[in-house]
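Below: one structure, written as structure tokens.
The values are calculated or read from the model by the stated rules, or taken from the named source; none is laboratory data. Owing to the predicted nature of the structure, the values given are computational and were not obtained by experimental measurement. Here the Cβ is made from the backbone with ideal geometry for all residues, glycine too, and neighbour counts use every protein chain on show.
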Amino acid sequence: MNFVNFLIGVTSFCLLLLLTHSASLSGGDEVRAPAPQCPTDGSCQLPTCHCASTTPPGGLFGPNVPQIVYLTFDDAVTIVNHPFYASALFNRKNPNGASISATFFITHEYSNYSLVHDLYRKGHEIALHSITHTTTTQYWANMNESVWNAEIIQQGEQASHFARFDRNLIRGMRAPFLQTGGNTMYRALSQGGLTWECSRPTYTYRKPGLWPYTNDFRSIQDCQIAPCPDEAFPGFWTVPMLDFIGDDGFPCAMVDECTPVPKTQQDTFSLLLRNFNDLYTTNRAPMGVFTHSAWLIGPVDRPEFAERMAGYLQFLDHLGSLPDVYMVSVSQALEWVKNPTGVADIDTFQPWAPKPEATNNCVFPRNCRYDNSTWERFMSACVPCPLNYPWVYNNLGVN
């Protein structure tokens, strides 16, 4: 047993308990003036400012608005789910000939960073979902700025380091369990260099859908999971999670939360198509298919997983058959919102143009192992193994 690692493990566990307690004692948000209402004088203008609205940006309307679809997956990238990502996503094209791009909100623990690098290299977006993914929601609801910085901002340095890609390519995050931290979280994210977050569901503005907006002014979005921000954070984007409606009529922010859980290919396809058409036939606000790979990958003796996967792939095939639907990353979608371009001219829109595959900078992955008397952790990295297992407040494992 490595005694240093044993001490690190014990210290990390105690630190998490202490942070949860101290965060709850911090009192949450500082009291500041609420954001003013959106002005009517036209002073809030793209590409830097956009008020919350269900009206498509840029004066576009109807069939000239490309239907944006975000495909996102939460949690660790592993040897279990990466083969599915590769087979489902890597060979699909948008109508302009560019490869589609999904957004992966990764957690640190259990992530295989050589596989994270592979997703990045294939043109997919890596976003943040925390280092610890602590399951206590009050931890996230009440914690102070320094802990948000340790969990999220320092995770950006961690992910880009171990997966070997440019830190500046990480622009957004999703709060674990969609438990946002109100003004405190937004302050930490915006001051930490991120430009957007995608954690806030909306039922009120699902049909017609709410477009992404900056937080220069007061939002019209409903607050499903408090606390929600009410201060001004100029230039920082909220990407609303437009609720799905399950077959029982109840809303679900993540598709794997919809009930009843579909067990056949047809039921899965119908659930996805019905919610897609709610936007495609109205204001064409971006549609997010927000899920976890565990909804689609399961034991071979449970055929409903294979059925759901087949329904999901059938839905992607359907999207690929439509000439005005683009499956792009969240950051690519925001580039379009900043500079709206009609379907007729979309081939001139450079952020969505075909791009070559990035250079493989993870040719020799290292397999790292850490243990003590109570736990064992493995990590595959594109750089030499650090001395200690990377964790919160020791994001690179060097201390």
Which residue out of Pro95, Pro83, Pro34, Pro57 is at pLDDT 95 or above, farther than 21 Å from Glu357 by Cα, within 27 Å of the chain's Cα centre (by Cα) and not β-branched (Val, Ile, Thr)? Pro57
Scan region 266-278 and tell me whether some residue there is part of a loop (DSSP other than H, G, I, E, B) and out of contact with any His (no Cβ under 9 Å at 6 or more places or on another chain). no
Give Asn183, Asn149 a once-over and let me know the one that is surrounded by fewer than 22 Cβ atoms within 10 Å (Cβ to Cβ), polar (S, T, N, Q) and over 20 Å from Pro386 (Cα atoms). Asn149
Working only within region 121-171, note down all residues that are touching a Ser or Thr at 6+ places or on another chain (Cβ under 7 Å), outside any helix (DSSP H, G or I) and closer than 20 Å to Tyr110 by Cα. His124, Glu125, Ala127, His129, Ser130, His133, Thr136, Ile170
When only residues in region 250-290 that are hydroxyl-bearing (Ser, Thr, Tyr) and surrounded by fewer than 21 Cβ atoms within 10 Å (Cβ to Cβ) count, which is farthest from Gln314 (Cα to Cα)? Thr282
Residues of region 38-54 satisfying the condition of being loosely packed, with under 13 Cβ neighbours inside 10 Å and among the β-branched types (Val, Ile, Thr): Thr40, Thr48
How many of the residues in region 354-376 are farther than 20 Å from Asp166 by Cα, surrounded by 13 or more Cβ atoms within 10 Å (Cβ to Cβ) and either free of Cβ contacts under 8 Å to residues at least 40 places away in the same chain or of a type in the set (A, V, I, L, M, F, W, C) (or both)? 2
Kindly check whether there is at least one residue in region 155-164 that is without any contact (Cβ under 8 Å) to a residue 40 or more places away in the chain and under 29 Å from Pro365 (Cβ atoms). yes
